[in-house]
Amino acid sequence: MKIMIIGDGKIGSVLAEQLSKEKHEVTLVDRSGVRLDQSNNELDVMVVEGDGASREVQLEAGADQADLVIACTGADELNLLCCLIGKKLGARHTIARVRNPMYVEELNLIKDDLGLSMAINPEEACATEMARVLRFPSAIKIDTFARGHVEILKTGVTAGSPLDGMALKDIGKFRANVLICAVERGERDVIIPSGEFQLKAGDRISVVASPQEAQRFFRQVGVAKTRVRQVMLIGGGRMGYYLARQLLATGMDVKIIESDAKRCEELSQLLPEATILHGDGTDQRLLQEEGIEHMDAIAALTGIDEENIIISLFAGRTTRAKVITKVNRSSYEPLVGSLSLDSVFYPRNICADNVVRYVRAMQNQTGAAVSLHTIADGQTEAIEFRIKEGTLHLDEPLRDIPLKKNLLIACIIHGPQAEIPSGDSRLILGDTVIVVTSRRNAVHQLNDIFA
C-alpha cells in the first residue's frame, strides 16, 4: 500500500518504522530537513520536505495516488486540514491525530464532512489501556479480543508461586480454561512455549482466557489483588484527564497532583468529582502527607519520563499499590525492563498499533484481521482473524494442520463461547480465531499461519 505520513515527530517516526517493516511504500512529509535526513538514513522510506498542508507538497508526496494519508503533526487543526486536502486530492483513506479533548468530543459531527476515516488520540488510547488494567490489577497489561469475550493478560511469576517450576502441560490442574501463549525471560528472550516448557520465577507470562476464567486462574495461583478503589494520579495533563474521567465513571476515588496551578483550576472544573491538589509529585514528603501508602493504585503521568520512573520506584518501595508508569521514549525500554516496574505504558507504541491494525484490515480480504495487539514488549503479535471463505484447512483437526514455527492458535471463538483449543479443535467458517506469533513470521492474513 502507498502511505503518506505528515509529521516526522514522535508518532510519525514510529509509524514510519512500523509500516515500512510491513513492506508498505511509505513517504514522510515534514518541514524539518534534519528530521527527514535521519529518517531517510534509518528507514526504508521516501521523504519530502515541506508543509503538509500545501497542495503542491502533497502532490509531490503522492497524495493523489495514496491508499492512506496519516497526519500526525503537533497541531490538531493542521492534521484535520491535511487530511481534508489529501482526501480532496484523491487519497482513499485519511487518519488524523487529534489530542484536544474538546475536538475529540465534537469530531463525530464533522468526521464525514472532513472525509476522515479514523482519528487517533495517543493519550486517550493509552488511558483506556491503563483503566483496563486498574479494573484487573493483578495484570501488568491487558488486551481484549472478540468484543471483550477473550483477554490476553500479562503477569509475573514470583518465587514461591505455584507456577514456579511448573511445566505448562500441568496448568490444567488449576481447573481454569486458560492458555499461556508467550513467556518473557530475561531482558530480551521471548518464547512461544510448548507443553513441556517449564516456568520459573522472574518470567513474565501472557495468559489467554475469558474474563471469568482469568479471574479463577489468578485466584488459584495466588496473584489476585483487591479491587482498586482509591487512585492517585501524579500529573494532570491530557492523559491524566482522560484516565481520571474513565476511573471516576467506574466509581473509583481519584486524587490528582499537578504542579501547574492554572491546570489545577482547569481540572477542578472539568473533573468536579476528583480531588485536585497543587504540588510537586516528585516530593516524597508531599506524597506521604497525601496518603500514598493508603492508595490502591498510583499512576505516574508527568511529562518527564525520568520523573515518572523515580516516582514509580518510590511508590513500589513504600506501598503495596498497583503502580502504573507512563514512558514516552521507546529508547528507555531496555532500561525500564531492568527496573522491575509494575505496568509500563508507551503511548506512541499503542497509537502505532492502532494504525497498523487499521492498515491490515484495509489490505486483507480473505481471513481479514479484526484486531491486532503487540505483546511481550512488542516482539510478539496476537492477531484476531475471522474465518472466511477461502481459508485453508477448514474443518480439519488442528493436530493435522501444519503451522509455522513460533506460532500457535491461542483461542477459537464460537459466538460468545471462547475455546482454548486442543488437537481435536477445528477451524469452522464464521468463527473467530486468535493467533499468537513472532513478528518475524509476518502474518497478515489467516492463510499466512500455515507452513
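The values are calculated or read from the model by the stated rules, or taken from the named source; none is laboratory data. Values in this document were obtained by computation on a predicted structure and should not be read as measured data. Cβ coordinates were reconstructed from backbone atoms using ideal geometry, including for glycine residues, and neighbour counts include every protein chain displayed. Note: areas computed on protein heavy atoms with side chains; ligands, DNA, RNA excluded. Shrake-Rupley method; radii C 1.70, N 1.55, O 1.52, S 1.80 Å.
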Open item on the list: Relative to 2.2 N^0.38 Å, what does the C-alpha radius of gyration of region 1-156 come to as a ratio? Two decimals please.
Closed with: 1.14
Open item on the list: If you average the C-alpha positions of region 276-291 and of region 209-267 separately, how far apart do those two centres end up, in angstrom?
Closed with: 17 Å
Open item on the list: Charges at C-beta only: +1 for Lys and Arg, -1 for Asp and Glu. How large is the resulting dipole of region 23-153 about its Cα centre, in Debye rounded to 20?
Closed with: 440 debye
TODO: Could you check the simple spin-label distance between Glu289 and Leu429, using points 7 Å along Cα→Cβ, in nm with one decimal?
DONE: 7.0 nm
Task: Cβ-Cβ FRET estimate between Leu248 and Arg185, R0 fixed at 35 Å, reported to 0.05 - done: 0.35
Open item on the list: Going by Cα centres, region 313-335 and region 78-137 are how many Å apart?
Closed with: 28 Å
Open item on the list: Rounded to the nearest percent, how much of the accessible area of the chain (1.4 Å probe, protein heavy atoms only) is carbon and sulfur?
Closed with: 46 percent
Task: Beta bridges per DSSP with both ends in region 222-338, % antiparallel, nearest 5 - done: 0 percent
Open item on the list: Please compute the modelled spin-label separation between Gln230 and Gln269, points set 7 Å along Cα→Cβ, answer in nm with one decimal.
Closed with: 3.0 nm
- [ ] Starting from the Cα of Met118, step 7 Å along the direction of its Cβ; do the same at Asp64; then give the gap between the two resulting points in nm.
- [x] 2.7 nm
Open item on the list: Under a Cβ-only charge scheme (Lys and Arg +1, Asp and Glu -1), can you give me the dipole magnitude of region 373-451 about the Cα centre, in debye to the nearest 20?
Closed with: 260 debye
Task: Nearest-20 debye value, region 325-419 charge dipole, Cβ charges on Lys, Arg, Asp, Glu - done: 360 debye
TODO: Please give the net charge around Ser32, taking every other residue with its beta carbon less than 10 angstrom from that of Ser32, where Lys and Arg add +1 and Asp and Glu add -1.
DONE: -2
Task: Estimated FRET transfer efficiency when R0 is 41 angstrom, pair Arg31-Ala442 (beta carbons, to 0.05) - done: 0.75
- [ ] Do me a favour and compute the ellipsoid semi-axes for region 200-283 from its Cα gyration tensor, root of five times each eigenvalue, largest one first, whole Å.
- [x] 33, 15, 11
- [ ] Report the local net charge at Ala125: Lys and Arg +1, Asp and Glu -1, summed over other residues whose C-beta lies under 12 Å from its C-beta.
- [x] +2
TODO: Please give the per residue accessible area of the chain, computed with a probe of 1.4 Å over protein heavy atoms only, in Å².
DONE: 45 Å²
Task: Extension gain, Asp164 back to Glu42 (0.36 nm per residue minus Cα-Cα distance, nm) - done: 39.8 nm
Open item on the list: Report D for the chain in µm² per second (integer): Stokes-Einstein, Kirkwood Rh on Cα pairs, 25 °C, 0.890 mPa s.
Closed with: 105 µm²/s
Open item on the list: Can you tell me how region 386-451 classifies by the Cα gyration tensor, rounded, prolate or oblate, using a/c under 1.5 as the rounded cut?
Closed with: rounded
- [ ] Would you work out which of Leu335, Ser54, Leu163 lies farthest towards the positive end of the dipole of the chain? Charges go on Cβ: Lys and Arg +1, Asp and Glu -1.
- [x] Leu163
Task: For Val327, net neighbour charge (Lys/Arg +1, Asp/Glu -1) across residues whose Cβ lies under 9 Å away - done: 0
Open item on the list: Just to verify a number: FRET efficiency for Asp260 and Asp400, C-beta to C-beta distance, R0 = 51 Å, to 0.05?
Closed with: 0.25
Task: Mean Cβ count within 10 Å, highest first, over the residues of peptides 160-169, 384-393, 350-359 - done: 350-359, 384-393, 160-169
